[in-house]
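First comes the structure, then the notes that go with it.
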Amino acid sequence: MNNNIFNILSQLKANPIQMLSRRFNIPQNMNNPQEIIQHLLNSGQVSQDQVNQAMQMRNNPMFKNLFK
């Protein structure tokens, strides 16, 4: 299980758009993070609460260490 998580994180770091596209419908021409988040919000694929939670995770020191 741990190995799988690290594999997923490695893939996410290498190509975030490809990983996100597995779960969400993101137009191919989008590569700006703010534009992608706005598209996901506008299309109802994520809620503002989910975005807020992700932002809180991003600022968590333990989570930051995974992406060094």
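Dipole size of segment 2-68 about its Cα centre, with +1 on Lys/Arg Cβ and -1 on Asp/Glu Cβ: approximately 260 debye, rounded to the nearest 20. Structural size metrics of the chain, computed from C-alpha coordinates, are Rg and Dmax of 12.9, 35 Å.
Taking every C-alpha pair closer than 8 Å and separated by at least 6 residues, the mean separation divided by the residue count of the chain gives a relative contact order of 21 percent. Applying 1/(1 + (r/R0)^6) with R0 = 30 Å to the Cβ-Cβ distance of I5 and N29, what FRET efficiency is obtained, to the nearest 0.05? My answer for the efficiency is 0.45.
Readers should treat all values here as calculations from the given coordinates under stated rules, not as data from a laboratory. What you are looking at is a predicted structure, and each value in this text was computed from that prediction instead of being measured. Please note: Cβ atoms are built from the backbone with ideal geometry, for glycine as well, and neighbour counts cover all protein chains shown.
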